[in-house]
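**Student:** I'd like to ask you about the structure that follows.
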Amino acid sequence: MSEQTDNFPDLGLDHRLLQNLEHQAITTPTEIQAQSIPLALAGHDLIASSKTGSGKTLAFLLPMMHRLVKTRALSKRDPRAVILAPTRELAKQVFTQLRALTSGGQTKIALLLGGENFNEQVKALRKDPHVVVATPGRLANHLEERSLQLNGLELLIMDEADRMLDLGFAEQLTLINKAADHRLRQTLMFSATLDHAEVDSMADQLLKSPKRVAIGAANAEHKDITQEVILCDHLDHKEALLQNLLNHREYQQAIIFTATRTDTERLSALLQAENISCAALSGEMSQAERNRIMDGFSRGHQQVLVTTDVASRGLDLLQVSLVINFDMPKQAEEYVHRIGRTGRAGAKGEAVSFVGPKDWDAFKRIERFLQRHLQRAVVEGLEAKFKGIKPAKPAKKAAPGKAPVAAKPKPKAKPKQDQRSRRQAKPSLVSDDGLAPLKKKR
Ligand code: ADP
Ligand code: MG
């Protein structure tokens, strides 16, 4: 990995944790780990951010485990640490990493997900786990039902904290905070995107004099991910482009993000008809179904996953080398998280976004957020008539209230390759004016 400093032993971690890391062949801390771990070990509350795929999970799991193995519990029955994550898939993944870190040790752990059997979870809680990983809604249910108490909680950790607020979990977070309200509690918040007024006010409520660690800005360019934008006219055009990309690009696995569940199912059926092995995942499915699909995809049973923002956060799927935004996400931060499903742990990835007239506003918001112009690409034989929407003219020139109009396509010289048949159409990068072909970087 590129961003390495110090050694794990220099960070002051317990030797059992160091041994465990050695077994996992994890040798050098990433920057976020090198900076967060000493602060967390010193007992500080923390608001920490760094780009997707930079190792935030271990940045909170390691100091948490250190505290648990080095100090005595405040309570014999209550969990000592709770880790919250916004989606079931992410909670499960954090749990798997925790299980690897605690293997062979004494630490008891439990996973509490929404959509799964409540009574089984009550049974698991009766075994007095030391660490509970949960989605916030289900954890709050257990507090309300009194199958769980948090008076002895020593560490409250929130992964993808901003997403939990977006999903409307503020009330549950407040409830959890109140249930574990004592002087000795340490609270850690992590995400790739934390610069939000809402996050600040939640942090004021939950954290005590937190230290801030921010490695790079949320909108900083992710050097391992090549990003490009393809303009589109309508749904059929997007579907033709999708098939073309999946047939012509080289990738290990791909994730396609769409706006709705109906789209995930329609596109998945369309790709299957083209003999592309593919699965659809959405938040409305049963948990058993969601688990089955994620397990299959992470084992490489399918090459393509079509999904909604339910899979945009945190998921660490190392074989994903291509992300396609079939529709643009409404929130600019979600773009950063979606494309962050590739380019993980130093690997290279590609992100391609389809921008049609309906996506234009969202796309412009994303470019403003990134403070960068995303590179435009065209697929020969599948060029769009749509060329973007010009901003409304300043008030003195435009009639008041006049809606923005589509820019007329610039007259352009016909590229030679136009003669090529549509079947052979291959994606190629062009410069921003849509003219001179550029050589594609690999
Ligand atoms: P983030 O939460 O920042 O998006 P993750 O914690 O999911 O990133 O980690 C991304 C990947 O990097 C995981 O596969 C993880 O095992 C790996 N990883 C984490 N820390 C290290 C490290 N110090 N050295 C090598 N790989 C690491
Ligand atoms: Mg993460």
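Every number in this text was worked out from the coordinates using simple rules, so none of it is lab data. This is a predicted model, so every value here is computed, not measured. When we count neighbours, we look across all protein chains shown, and the Cβ atoms used for this are built from the backbone with ideal geometry, even at glycine.
**Student:** Read phi for every residue in segment 99-107 and hand back ³J(HN,Hα) as whole Hz from Karplus 6.51 cos²θ - 1.76 cosθ + 1.60, θ = phi - 60°, with x for Gly and Pro.
**Tutor:** These are the phi-based 3J(HN,Hα) values: 4, 5, 6, 9, 4, x, x, 9, 6 Hz.
**Student:** Which pairs break 19 Å Cα to Cα here: LYS56/LYS127; LYS178/LYS208; LYS238/LYS385; LYS51/LYS92; LYS92/LYS348?
**Tutor:** Values: LYS56/LYS127 29 Å; LYS178/LYS208 14 Å; LYS238/LYS385 13 Å; LYS51/LYS92 21 Å; LYS92/LYS348 25 Å.
From the list (LYS56/LYS127; LYS178/LYS208; LYS238/LYS385; LYS51/LYS92; LYS92/LYS348), the Cα-Cα distance tops 19 Å for LYS56/LYS127; LYS51/LYS92; LYS92/LYS348.
**Student:** Also, I was wondering about something else. Just check segment 63-177 against the gyration tensor rule for me: Cα atoms, a ≥ b ≥ c as the square roots of the eigenvalues, rounded for a/c under 1.5, and otherwise prolate or oblate depending on whether a/b exceeds b/c. Write out the running numbers ahead of the final one.
**Tutor:** Numbers: a/c = 1.44, a/b = 1.30, b/c = 1.10.
Cα axes put segment 63-177 in the rounded bin.
**Student:** Further question on the same structure: Output ³J(HN,Hα) for segment 386-391: one whole-Hz value per residue in order, computed from phi by the Karplus curve 6.51 cos²θ - 1.76 cosθ + 1.60 with θ = phi - 60°, and x for Gly and Pro.
**Tutor:** 4, 10, x, 10, 6, x
**Student:** If you don't mind, another one. Along segment 347-354, what does the Karplus equation 6.51 cos²θ - 1.76 cosθ + 1.60 (θ = phi - 60°) give for ³J(HN,Hα), rounded to whole Hz, x for Gly and Pro?
**Tutor:** My calculation for segment 347-354 gives 6, 8, x, 10, 10, 10, 10, 8 Hz in order.
**Student:** Can you tell me the Rg and the Dmax, both Å, for the Cα atoms in segment 166-294?
**Tutor:** 20.8, 59
**Student:** Apply the Kirkwood formula to segment 194-240: the hydrodynamic radius equals the inverse of the mean of 1/r over all pairs of different alpha-carbon atoms; give it in Å with one decimal.
**Tutor:** Working: mean 1/r = 0.0671 Å⁻¹.
Hydrodynamic radius (Kirkwood, Cα only) of segment 194-240 equals 14.9 Å.
**Student:** If you split all Cα-Cα distances of segment 2-139 into 10 Å bins from zero, what percentages do you get per bin, shortest first?
**Tutor:** For segment 2-139, the pair-distance distribution reads 11, 41, 36, 11, 1.
**Student:** Continuing with this model, one more query. At a 10 angstrom cut-off on C-beta neighbours, averaged per residue, how do the peptides 142-149, 197-204 rank from highest to lowest? Don't jump to the answer; show the numbers that get you there.
**Tutor:** On the way: 142-149: 15.9, 197-204: 14.4.
The peptides rank, most packed first, as 142-149, 197-204.
**Student:** Label point 7 Å out from GLN106 along Cα-to-Cβ: which residues of segment 21-62 have amide N under 18 Å?
**Tutor:** none
**Student:** So which trypsin sites (Lys or Arg not before Pro) in segment 318-359 pass both tests, a DSSP loop state and at most 15 other Cβ atoms within 10 Å of the Cβ? The partial results should precede the final answer.
**Tutor:** Details: sites: LYS330, ARG338, ARG341, ARG344, LYS348, LYS358; in loops: LYS330, ARG341, ARG344, LYS348.
For trypsin sites (Lys or Arg not before Pro) across segment 318-359 that sit outside H, G, I, E and B with at most 15 neighbouring Cβ atoms in 10 Å, the list reads LYS330, LYS348.
**Student:** Between LYS385 and HIS248, what is the label-point separation in nm under the 7 Å Cα-to-beta-carbon projection?
**Tutor:** Roughly 2.1 nm, to one decimal.
**Student:** Less than 12 Å from a label point 7 Å out along the Cα-to-Cβ axis of ARG372: which backbone N atoms in segment 200-225 qualify, by residue?
**Tutor:** 217-225
**Student:** Put a dot 7 Å past each Cα toward the Cβ at LEU74 and GLU171; how far apart are the dots in nm?
**Tutor:** With each label point 7 Å from Cα toward Cβ, the separation is 2.7 nm.
**Student:** A further question on this structure: Between segment 151-189 and segment 58-86, what is the separation of their alpha carbon centroids in Å?
**Tutor:** Centre-to-centre distance over Cα atoms comes out at 13 Å.
**Student:** With springs only between Cα atoms under 10 Å, which of GLU154, GLU289, GLU120 fluctuates most in a Gaussian network model of the chain?
**Tutor:** Result for the chain, Cα springs under 10 Å: GLU120 fluctuates most.
**Student:** From the square roots a ≥ b ≥ c of the eigenvalues of the alpha-carbon gyration tensor of segment 51-91, which class results: rounded (a/c under 1.5), prolate (a/b over b/c), or oblate? Mind showing how you got there, number by number?
**Tutor:** Working: a/c = 4.74, a/b = 1.61, b/c = 2.94.
Note, shape of segment 51-91 comes out oblate.
**Student:** Next question, about the same structure. Given the alpha-carbon gyration tensor of segment 242-296, what are the semi-axes of its equivalent ellipsoid in whole angstrom, ordered largest first, with each equal to the square root of 5 times an eigenvalue? Can you show the working numbers first?
**Tutor:** Values: eigenvalues 86, 33, 19 Å².
Taking √(5λ) for each Cα gyration eigenvalue gives 21, 13, 10 Å.
**Student:** Moving on. Just rank TYR335, TYR251, fewest to most, by other beta-carbon atoms within 10 angstrom.
**Tutor:** On the way: TYR335 28, TYR251 18.
So the ranking, lowest neighbour count to highest, is TYR251, TYR335.
**Student:** Per residue and in Å³, how big is the convex hull formed by the alpha-carbon atoms of the chain? Don't skip to the answer; put the middle values down first.
**Tutor:** Values: hull volume 70.2 nm³, N = 442.
Dividing the Cα hull volume of the chain by its residues yields 159 Å³.
**Student:** Two-decimal Rg/Rh of segment 212-276 from alpha-carbon positions, Kirkwood Rh? Write down the numbers at each step before the final one.
**Tutor:** Values: Rg = 15.6 Å, Rh = 14.5 Å.
Rg divided by Rh gives 1.08.
**Student:** While we're looking at this one, here's another question. Please list, in order, the residues from segment 144-181 whose amide nitrogen is less than 16 Å from a point placed 7 Å along the Cα→Cβ vector of VAL122.
**Tutor:** From segment 144-181, the list is 144-149.
**Student:** Could you tell me which of rounded, prolate or oblate describes segment 109-211, using a ≥ b ≥ c as the square roots of the eigenvalues of the alpha-carbon gyration tensor, with rounded for a/c under 1.5 and, failing that, prolate when a/b is larger than b/c and oblate otherwise?
**Tutor:** Here segment 109-211 falls in the prolate category.
**Student:** Against the longest alpha carbon principal axis of the chain, how many degrees, from 0 to 90 and to the nearest 10, is the axis of helix 170-179 turned?
**Tutor:** 10
**Student:** Just order 167-174, 107-114, 123-130, 185-192 by mean Cβ neighbour count inside 10 Å, highest at the front, would you?
**Tutor:** Working: 167-174: 16.8, 107-114: 20.0, 123-130: 15.1, 185-192: 23.8.
So the order, starting with the most tightly packed, is 185-192, 107-114, 167-174, 123-130.
**Student:** Now for a separate question. Based only on the alpha carbon positions, what is the Kirkwood hydrodynamic radius of segment 303-342, in angstrom? Walk me through the intermediate numbers first.
**Tutor:** Details: mean 1/r = 0.0959 Å⁻¹.
About 10.4 Å for segment 303-342.
**Student:** Now a separate question. In vacuum, with every alpha carbon of segment 265-345 counted as one equal point scatterer, what does the Debye formula give for log10 I(q)/I(0) at q = 0.16, 0.18, 0.20, 0.22 Å⁻¹? Two decimals, please.
**Tutor:** Taking Cα atoms of segment 265-345 as identical point scatterers yields -0.61, -0.78, -0.97, -1.17.
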